[in-house]
Structure formats: structure tokens, C-alpha cells
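Here's a structure for you.
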Amino acid sequence: MSLIPVEDALSRVLASVEQPVSIEHVPLSACAGRALAEDVSALRDQPPFPASAMDGYAVRSIDVDHVPTPLQMIGTSAAGQRFSGAVGPQQTVRIFTGAPLPDGADTIVIQEDTEAKGDQVLVKERPRHGQHIRKAGLDFTAGDVLLQAGLCLDARHIALAAAMGHGTLPVRRKPRVAILATGDELVRAGEPAGPDQITASSLPATAVMVEKAGAEAIDLGIARDTLESLEERIQAARDAGADILVTLGGASVGEHDLVQKALQRQGMELGFWRVALRPGKPLMHGKLGDMLLLGLPGNPVSSLVCAVLFLIPAIRALLGDAQADADPTEIAILGADLPANGPRQDYMRASLASEEFEISLTQRTERMPLPVATPHLIQDSSMLSILERSDALLVRPPHAPPAQAGEPCRIIRLERFC
């Protein structure tokens, strides 16, 4: 099977997501980071009544058209405890921020513009009619659609939903992503390693990316290099109701790379295998019943790049994100010369700095800050120390010509995914 372009591979992965995961109603306190499944409208006006925006006195503007003028205080209106009567001629009500405006009043005089002695209040400054009053429905009214389906809910959205009168929200169920590392050479993080073994670093890292994307990570551990071990863990993913099974390593062409064979014995329908990118060429995609399969490379940097390019968009598609295939790149300035690129799309680890550049706009030139991306000299896909020092992936298209420092380039910020 020949190498396929990155864009084609992503299209095939997303096409295999037949529909988003189901909807569940979740209390607001548990909605952070969840994907809103339906549009949400307000159940009430906000504020639900005319309210004071300041501490002061509620008056009839006609009574204070000429100042100074004395008024008689007939009561108090506080937040949660409105004044039940009405303001008549030459009368006023002491009012506090957020309190309902009494009937008959149409203006608030701030307390700094008054002098109070007992129940007598002297208004010293003429107010503007209607000043310091928040009208009923100033923020929104019942029926207004204020939260749209597809939002990744944060504190701002949750505060708004609460004010709208909602105690729960319809969100997408968290997609279940089973993660399986493979290889006799691997041990779990923190476990003692033999002389020929290494730590399965991609396993916890992938789980973090899955959780950050809004899904539930299911740790299947490490399968040994036998068909029996692999098939046992694959069945565990099916038993757990995984929407996606991610395998790490074992999908290449070596004698010990048995993942593809084990999946085929279970009934996998192979979508594609091997993509024209670096790092990450031995990427595998398929379906096993309703479960999406992604076989990521074993090298930790390769697995991270493939997770950014294919796993995260698949999770977003399962969450109902209509922009799951959106281009994750942005423009930056190249910080070092680069030679011509080969036939595969290259994703180079790079550090970012910010510098000001002159940008030509329609009728003027402005100095604007832009990120400067400098690729690391060593790009070995096994080196995690370089990955840790990287802020972005610098994207080089296939057969790109040599590039010089100062030219525009495209990057993917790692902070968005990791």
C-alpha cells in the first residue's frame, strides 16, 4: 500500500466517524470542558426586573428637576428584598446595588449626591432621567439562544447558563478512547526496567491528550509481542465500549509488529496504512465493528504528531464538532534556514519567540508581533527532551523548496493539544 497524503488520511479518518456520540444532561458543576450538544436558550429575562446599578436613592425624576430639593424617605429596597409600596410625589426609597426599582421611581440618585438626616434626604445634584437603572432584560430575554451547540464549555459559558435559568446542560457523552501500548521492550512508568527495556512514555502522554480533548482515556496497559496478548487487550477495548482504540507501536513491518495481524483476526476493516509524513509514516487506520482504530507509531514524538493530526480531530468529530477538520496551523516567521524538503510532509519540533515585523495592510504599514519559529537541529523522533523544549510543530509541505530565515512558515502550537 503506497503512502497517502496527510489531508487524504485525515479525510478518511473523519469519514469513518459515522455520527457523534450520544447526548447526556449534566449538572453545571460537571460541565467544564464538555461539548455542548444542542443550542440553549434563556428561560428568563436577565435582569428579571428593573434594578439599581448603584447604591443611592430611587426617585421620580420630575421631583428632582430643580436642585437642591428635599425628599421624604419612605422605605428601603435591597437585593432580594424589594420595597413593596410605590414612590409618590416628593418621596424616595433608599436603594442598594442590584435591588428592584420601586414602582413609581424612574431614576437613581447616587448617595454621594445627597445628604440624609433621619427620613429626610436632600438631593444636591440633578440626575439624568433613568440614570443608574438596569432595565429588565438588559442582558438577555427569555427565549434568546445564547449558547450554541459545539461549544467547549468553560466558566464563562457556565455562568451564563446559570443566569439563563439552567441547572443542567445537554452535552455529548465523553468519547471512550482505549489506549494500548505494545512491545516486550516496554514497562510502565515508575516500574523497574530490565537492561533491554524502556518506559512506555507514549501511553500516559496520549492519555493526557485524550482527556484534554474532552474524551475519556481507558488505559489498557502494555500488550506483549504475541497474538494472544494483543487479541486479549483488543477484546478488552470492545468490552469497555471504546469508541476509538489507539495502539502505540507494533504496526510497522517487523517480525514482532503483530498489531495489524491481530486486528485482522478480530475482523478489522483496514482503511489505510502508511502516510506521507515525517515523523509518523507507519500510521494505521481501520474499523472494528463500530470502533474506530488508529495504530500510532511507537516512537513517542511520532505518536504525538499523529495524535495531533488524526486522533484529536477524530475525538472532535465524535463530539459533534463541525470544524473537526479545520486547519490547526497559523502563520509564523522562520527563524533559521532550511534545506529543500523530501516527498513527505514534515513536522519539525521548534521553539517560538515573538518579534515585531512590519506588516503591509490595505493603506498603511504597521509593526505587529509575530511568532518566530526556530526548528531544533536534531529531529530524531525518539528524543523527548527536545519535544519538551518545543513550543510548536513547524509544518513543511512535501517537496518544499529551500527556505531562508525571515520567510513566512506555518506552525501548530503544541499547547493547544498537550
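The values are calculated or read from the model by the stated rules, or taken from the named source; none is laboratory data. Model, not experiment: these values are computed from the prediction. In this analysis, Cβ positions are derived from the backbone assuming ideal geometry, glycine residues included, and neighbour counts consider all displayed protein chains. Side chains are part of the model used for accessible areas, which takes the heavy atoms of the whole protein and leaves out ligands, DNA and RNA. Shrake-Rupley method; radii C 1.70, N 1.55, O 1.52, S 1.80 Å.
Could you tell me which residue of the range 134-149 is most open to solvent (accessible area, probe 1.4 Å), considering only residues that are closer than 16 Å to ALA35 by Cα and touching a helix residue (DSSP H, G or I) at 6+ places or on another chain (Cβ under 9 Å)?
Among them, the one singled out is LEU146.
Among the residues in the range 52-59, are any buried (at least 18 other Cβ atoms within 10 Å of the Cβ), farther than 19 Å from LEU160 by Cβ, modelled with pLDDT of 95 or more and polar (S, T, N, Q)?
Within the range 52-59, one or more residues are buried (at least 18 other Cβ atoms within 10 Å of the Cβ), farther than 19 Å from LEU160 by Cβ, modelled with pLDDT of 95 or more and polar (S, T, N, Q).
Considering only the range 257-318, give the strands (runs of 3 or more DSSP E) lying wholly within it that have at least 1 residues that are open to solvent by 40 Å² or more (accessible area, probe 1.4 Å). Walk me through how you get there before you give the answer.
Numbers: elements: 269-273, 284-288, 291-296.
Those strands (runs of 3 or more DSSP E) span 269-273.
Do we have GLN90 as without any contact (Cβ under 8 Å) to a residue 40 or more places away in the chain, in contact with a helix residue (DSSP H, G or I) (Cβ under 9 Å, 6 or more places away or on another chain), open to solvent by 40 Å² or more (accessible area, probe 1.4 Å) and under 30 Å from VAL246 (Cβ atoms) here? Can you show your working first?
Numbers: without any contact (Cβ under 8 Å) to a residue 40 or more places away in the chain: yes; in contact with a helix residue (DSSP H, G or I) (Cβ under 9 Å, 6 or more places away or on another chain): yes; open to solvent by 40 Å² or more (accessible area, probe 1.4 Å): yes; under 30 Å from VAL246 (Cβ atoms): no.
Spelling it out, it is not the case that GLN90 is without any contact (Cβ under 8 Å) to a residue 40 or more places away in the chain, in contact with a helix residue (DSSP H, G or I) (Cβ under 9 Å, 6 or more places away or on another chain), open to solvent by 40 Å² or more (accessible area, probe 1.4 Å) and under 30 Å from VAL246 (Cβ atoms).
Right, another one. For ARG172, only one of the following conditions fails: (1) open to solvent by 50 Å² or more (accessible area, probe 1.4 Å); (2) of a type in the set (D, E, K, R); (3) touching a strand residue (DSSP E or B) at 6+ places or on another chain (Cβ under 8 Å). What is its number?
Unmet for ARG172, out of (1) open to solvent by 50 Å² or more (accessible area, probe 1.4 Å); (2) of a type in the set (D, E, K, R); (3) touching a strand residue (DSSP E or B) at 6+ places or on another chain (Cβ under 8 Å): (1).
Does the range 320-336 hold any residues that are part of a loop (DSSP other than H, G, I, E, B) and open to solvent by 20 Å² or more (accessible area, probe 1.4 Å), and which are they?
The initial filter retains those residues of the range 320-336 that are part of a loop (DSSP other than H, G, I, E, B), namely 320-329, 335-336.
Listed by number, the residues that qualify are GLY320, ASP321, ALA322, GLN323, ASP325, ALA326, ASP327, PRO328, THR329, GLY335, ALA336.
Go through the range 119-134 and give me each residue that's among the polar types (S, T, N, Q) and in a strand (DSSP E or B).
Looking only at the range 119-134, we keep the residues that are among the polar types (S, T, N, Q), and these are 120, 131.
The one that is among the polar types (S, T, N, Q) and in a strand (DSSP E or B): GLN120.
Name the single residue, out of those in the range 60-118 being outside any strand (DSSP E or B) and hydroxyl-bearing (Ser, Thr, Tyr), that is nearest to PRO50 (Cα to Cα). Spell out the reasoning first.
Of the range 60-118, the ones outside any strand (DSSP E or B) are 60-68, 79-80, 82-85, 87-90, 96-99, 101-102, 104-106, 111-113, 118.
When the remaining residues are screened for being hydroxyl-bearing (Ser, Thr, Tyr), the result is 61, 84, 97.
On the way: SER61: 16, SER84: 14, THR97: 11 Å.
Of everything passing the filter in the range 60-118, THR97 is nearest to PRO50 (Cα to Cα).
Any idea which residue in the range 379-418 is farthest from PHE310 (Cα to Cα), counting only those that are in a loop (DSSP other than H, G, I, E, B), among the hydrophobic types (A, V, I, L, M, F, W, C) and at pLDDT 95 or above? Step through it out loud before you land on a result.
Kept after step one, since they are in a loop (DSSP other than H, G, I, E, B), are these residues of the range 379-418: 379-383, 389-391, 397-402, 404-407, 417-418.
Then drop every residue that is not among the hydrophobic types (A, V, I, L, M, F, W, C), which leaves 383, 400, 405, 417-418.
Subset that is at pLDDT 95 or above: 400, 405.
Values: ALA400: 22, ALA405: 30 Å.
Checked the range 379-418; the qualifying residue farthest from PHE310 (Cα to Cα) is ALA405.
Quick one: which residue in ALA350, ALA336, ALA324 is within 30 Å of GLU24 (Cα to Cα) and among the hydrophobic types (A, V, I, L, M, F, W, C)?
One residue alone meets the criteria, ALA324.
Output the residue which, of all residues in the range 93-125 that are surrounded by fewer than 16 Cβ atoms within 10 Å (Cβ to Cβ) and of a type in the set (Lys, Arg), is nearest to the chain's Cα centre (by Cα).
LYS124
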